[in-house]
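Participant: Okay, here's the structure, questions in a sec.
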Amino acid sequence: MKDTGLPARKAALAILSGVLQKRRPLDAQLEQLSGLEVRDAGFARALVSQTLRHMGALDAVLRKFMAKPLAPHKAGSATEILLLGTCELLILKVPAHAAVDAANQLATKDAKAVHFKPLINAVLRKVAAQGELVLSGLDRERLSTPDWLWTRWSAQYGAGTARQIARAHQSEAPIDIVLKAEGATHPQSAALFGMVRRLSAEGRIDTMAGFAQGHWWVQDAAASLPATLLGDVRGQRVIDLCAAPGGKTMQLAAMGAQVTAVEIDAARAERIRENLARTRLEAEIVEADARDVEITAPFVLIDAPCTATGTIRRHPDLPWIKGAADVTVSAGAAYEILLSGAAMVEPGGILVFAVCSLEREEGEEQIAAFLSSNPDFARLPVTKDDVFGHQDWITPDGDLRTLPFMLDGGMDGFYAARLHKHL
Ligand SMILES: C[S@@+](CC[C@H](N)C(=O)[O-])C[C@H]1O[C@@H](n2cnc3c(N)ncnc32)[C@H](O)[C@@H]1O
């Protein structure tokens, strides 16, 4: 990658410090890049994302060349400058002089880090000379997975699967799209299953063929499955709880359902409106807490808020800003939404509960607890035909469970259970 100068690196440093020191989500901070030239913004985004994706390994390389870690209260952003510099050298393959000079300039602008400029310079020169060799001898997958996640995944899935998950996180996720209808105009892409395709075209999404006309929307292959589990919803009333930005709302509306989309966040509800307007699809939007809504329908889909650990390929900041305590908090809120959604299902109807999390407490254990105390519901097991022939996506209990290494090129980690309410 070419050297695109200081503004991009300054922005990358501010964002990385926001993630690591203040635990601010990466996505929310990327708006800071809007003032940059397109090329600089692209470089800054790649630099931060790749630094986070490979952070454990980059940190381990740095430790080989430093006696001890730097304390932020003394060193300001020196650690982040070192991580970005190491990423430039070892992952983005920026020429050594450009990467080291940039790190020196960043240090000069930080009142605390400036005192560590000689150290930053010396360490990065060593990384440039010997870092590749050090990196090649490291267990990168393990190092770039924080302990809290490694421990959980090993316990939940076994050591081999935990490693496959961690390996999948080393690569960026492809972009999948869902077609509104058969024969819709779409960009260069390969068919995956049903209406889902995987982009092979590169560039800005909003300038691609068929986007402005609303012929398709971006949605991960795994994220498209929960709505499919509802079955034939043509002409049926469907309640879509926790709906923004509206991927599943659009799917359901495109299938011919009468959708009521419930979303708590007004700004995010606006995204559903924009998406529906672009795709010329219709749904009723209710801005409310799903726990307070009192409506009913024969079909209810809950895409519950969660830690989103199934989307780490797209959100490499997640492992570093979240922790085990977040799993418990998310699971508590989602269970309340599950109870509320269950009350909305008319007798004889279907409930699908989904989360984009790899954590069993947020998925499998929620449904186990729910079924044990709600005898008016029973599991309606997912069949191979429901998921386009992929038996490996179905658990022994009959739920959907995808993992990020499944499907050629990967897919988000999703859990979904389909339940039937007795008449
Ligand atoms: C995983 S996202 C949903 C993605 C969406 N279903 C789609 O397919 O595009 C979860 C959404 O739930 C919303 N949410 C969180 N708590 C909620 C609640 N109590 N009631 C309604 N919506 C909620 C969040 O604002 C967020 O937009």
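Okay, residues lined up against (1) at pLDDT 95 or above; (2) under 20 Å from Arg401 (Cβ atoms); (3) in contact with a Lys or Arg (Cβ under 6 Å, 6 or more places away or on another chain):
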position	(1), (2), (3)
Leu281	yes, no, no
Asp289	yes, no, no
Phe299	yes, no, no
Thr307	yes, yes, yes
Pro316	yes, no, yes
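Participant: Still on this structure: Limited to region 46-70, what total is found for residues that are free of Cβ contacts under 8 Å to residues at least 24 places away in the same chain and in contact with a helix residue (DSSP H, G or I) (Cβ under 9 Å, 6 or more places away or on another chain)?
Facilitator: Qualifying residue count, region 46-70: 1.
Participant: Of (1) surrounded by 18 or more Cβ atoms within 10 Å (Cβ to Cβ); (2) more than 14 Å from the ligand (Cβ to nearest atom); (3) assigned to a strand (DSSP E or B), Ile367 satisfies all except one. Which?
Facilitator: Looking at each condition in turn, Ile367 falls short on (3).
Participant: Do we find a residue being touching a Ser or Thr at 6+ places or on another chain (Cβ under 7 Å), closer than 19 Å to Asp176 by Cα and of a type outside the set (A, V, I, L, M) anywhere in region 247-259? Step through it out loud before you land on a result.
Facilitator: Let us first name the residues in region 247-259 that are touching a Ser or Thr at 6+ places or on another chain (Cβ under 7 Å), namely 250-251, 259.
Remaining after also requiring closer than 19 Å to Asp176 by Cα: 250-251.
Still in the list and also of a type outside the set (A, V, I, L, M): 251.
Yes.
Participant: For residues that are within 13 Å of the ligand (Cβ to nearest atom) and among the aliphatic types (A, V, I, L, M), scanning just region 296-317, find the one that is surrounded by the fewest Cβ atoms within 10 Å (Cβ to Cβ). Lay out the reasoning, then the answer.
Facilitator: Step one: of region 296-317, the residues within 13 Å of the ligand (Cβ to nearest atom) are 300-311, 314-315.
Narrowing further to those that are among the aliphatic types (A, V, I, L, M): 300-302, 304, 308.
Numbers: Val300: 30, Leu301: 31, Ile302: 27, Ala304: 25, Ala308: 21.
Among residues in region 296-317 that are within 13 Å of the ligand (Cβ to nearest atom) and among the aliphatic types (A, V, I, L, M), the one surrounded by the fewest Cβ atoms within 10 Å (Cβ to Cβ) is Ala308.
Participant: Right, Asp326: among the acidic types (Asp, Glu), away from the ligand (no atom under 12 Å from the Cβ) and either surrounded by fewer than 21 Cβ atoms within 10 Å (Cβ to Cβ) or over 25 Å from Thr161 (Cα atoms) (or both) or not?
Facilitator: yes
Participant: Among the strands (runs of 3 or more DSSP E) confined wholly to region 170-284, which include 3 or more residues that are closer than 18 Å to Asp303 by Cα? Don't jump to the end; show me each part of the working.
Facilitator: Numbers: elements: 176-179, 189-193, 196-199, 216-218, 237-241, 258-263.
Ranges flagged: 237-241, 258-263.
Participant: Scan region 101-121 residue by residue and report those that are outside any helix (DSSP H, G or I) and within 13 Å of Lys74 (Cα to Cα).
Facilitator: Asp110, Ala111, Lys112
Yes/no per residue for (1) more than 8 Å from the ligand (Cβ to nearest atom); (2) crowded, with 16+ Cβ neighbours inside 10 Å; (3) within 20 Å of Ala417 (Cα to Cα):
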| site | (1), (2), (3) |
| --- | --- |
| Leu229 | yes, yes, yes |
| Val233 | yes, yes, yes |
| Val238 | yes, yes, yes |
| Ala253 | yes, yes, no |
| Thr260 | yes, yes, no |
| Asp265 | no, no, no |
| Glu282 | yes, no, no |
| Ala288 | no, no, no |
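The values are calculated or read from the model by the stated rules, or taken from the named source; none is laboratory data. Because the structure is a prediction, the values reported are computed rather than measured. Methodologically, a virtual Cβ is constructed for each residue, glycine included, from the backbone with ideal geometry; neighbour enumeration extends over all protein chains shown.
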